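> Could you have a look at this structure, given as structure tokens, before my questions?
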Amino acid sequence: MTRYLLIHDGAADSASYFSTRSDFGAWGPPVELAAVRDNYDAILELTEPDAFCRVNPRAARIGFVIRSLAVLEEARRRDLPGDVLFVPSRLTALDAYAMARATLMAARELSAGHRLTAADLATEKNGRGLGEAFGARLVGRELAYDLKTGAPIDYGMVR
């Protein structure tokens, strides 16, 4: 069975972001890589989703260092013969935040000049619009452009 350990990289505490997010799995508290290094015969860094190798799990204790979300997702799909040591970088934490962030979009087709109501606004994950928390500030504002259903909404769209 593969264990997933969240590793603090020492430079930035992006690991703490993942330790509080249930959508990325159940992590224990972040640990230093040096603290677990001696538990393994080999530690391999996997940098690409297709970089996985076949290793005899009975022959060695393996730790797989992973720094990106794409490689972490691939690791979850495979039955790795060792532990995943996830070391999220600041960029990885930012990507994860963007993926989980709810943003505003048009709930239906809207015409320029229309005054926005709460019913005109919908949310989506990983969108390009303003964050969901800004919805109340948009209600009552006039649209500067026509918007199609699902179009991201930001302050450049309203007057």
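> Filtering the stretch 111-151 down to residues that are polar (S, T, N, Q) and under 26 Å from Asp95 (Cβ atoms), which residue is surrounded by the fewest Cβ atoms within 10 Å (Cβ to Cβ)?
The selected residue is Asn126.
> Here's something else I'd like to know. Would you confirm whether any residue within the stretch 129-136 is farther than 20 Å from Arg159 by Cβ and aliphatic (A, V, I, L, M)?
The answer is yes, given that some residue of the stretch 129-136 is farther than 20 Å from Arg159 by Cβ and aliphatic (A, V, I, L, M).
> Right, here's the next one. Regarding the stretch 66-74, can at least one residue be identified that is part of a loop (DSSP other than H, G, I, E, B) and not assigned by TED's automatic domain parsing to the domain that holds Val31?
no
> Continuing with the same structure: Being modelled with pLDDT under 85, outside any loop (DSSP other than H, G, I, E, B) and outside the structural domain of Glu142 (by TED's automatic domain parsing): is that true of Leu80 here?
No; evaluated as a whole, the condition is false for this residue.
> If you don't mind, there's one more thing I want to ask. If you check Arg115 against the conditions, is it modelled with pLDDT of 95 or more, out of contact with any Leu (no Cβ under 6 Å at 6 or more places or on another chain) and not aromatic (Phe, Trp, Tyr)?
yes
> Would you be able to tell me the number of residues in the stretch 96-129 that are closer than 30 Å to Arg67 by Cβ and in contact (Cβ under 8 Å) with a residue 24 or more places away in the chain?
Result for the stretch 96-129: 14.
The values are calculated or read from the model by the stated rules, or taken from the named source; none is laboratory data. Because the structure is predicted, anything quoted here is derived from the model rather than measured. Neighbour counts are summed over all protein chains in view; Cβ atoms, including those assigned to glycine, are modelled from backbone coordinates with ideal geometry.
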